[in-house]
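Only one structure is covered here, and it is reproduced in the block below.
Nothing in this text is a laboratory measurement; each read-out follows from the coordinates by a stated rule. All figures in this text were calculated on a predicted structure; none of them were measured in a lab. All Cβ positions, glycine included, derive from the backbone under ideal geometry; neighbour counts span all protein chains shown.
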Amino acid sequence: MIIRKLADLVDTDREQKADTWASRRFLLSGDGMGFSLHDTLIFAGTETPIHYQNHLEAVYCIEGKGRIKDLTHDGEVHEIEAGTMYALSENEKHLLIADTQMRMICVFNPPLVGPETHDENGVYPLLTDS
Ligand SMILES: CC(=O)NCC[C@H](N)C(=O)O
């Protein structure tokens, strides 16, 4: 069994920070679960372009308010608030807009290895444990 607490991830190599978000990674590829599990903050008043071409991601919002613009499907906009889940089942390119700080529980398949951060196109590289 694996037990971890959020406080133990902050400011370690299990936390990745960008201009618009901070991702605290509870489970990574090396944990052998077949998915990664993150507690992610999206900062208030930000817009984040994302395109996970190499991963499927499901996101459950537990705090905050904003919206997702689906750039793969004609710019469709979906409101996000606590209790909303979205799954990028078609690797959709999207824009994540946070009105207030949003707290998201994210699951990735295949699992992230740990150091991934967005490239200039909002993509995570496909890494494997060495
Ligand atoms: C919700 C979302 O996609 N935020 C960007 C960060 C990423 N999901 C992560 O936690 O690695």
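Observations on the model:
- Residues whose amide H lies under 5 Å from that of Leu56, counting only those 5 or more places away or on a different chain, are Asn109; hydrogens are built 1.01 Å from N in the peptide plane.
- Sequence ranges 51-58, 3-10, ranked by mean other-Cβ count within 10 angstrom, highest first: 51-58, 3-10
- Among 105-112, 118-125, 26-33, sorting by the average number of other beta carbon atoms lying within 10 angstrom of each residue, highest first, gives 105-112, 26-33, 118-125.
- Measuring r between the beta carbons of Asp129 and Lys17 and using R0 = 22 Å, the FRET efficiency lands at 0.50.
- Burial ordering of Arg24, Arg14, fewest other beta-carbon atoms within 10 Å first: Arg14, Arg24
- Were the residues from Glu63 through Gln101 laid out at 0.36 nm apart, the gain over their Cα-Cα distance would be 12.9 nm.
- Under 15 Å from the Cα of Lys93 - aspartates and glutamates, other chains or at least 8 residues apart: Glu47, Glu57, Asp70, Asp74, Glu76, Asp119, Glu120
- For the range 16-109: rounded, prolate or oblate by the Cα gyration tensor [a/c cutoff 1.5]: oblate
- For Val107, net neighbour charge (Lys/Arg +1, Asp/Glu -1) across residues whose Cβ lies under 12 Å away: -1
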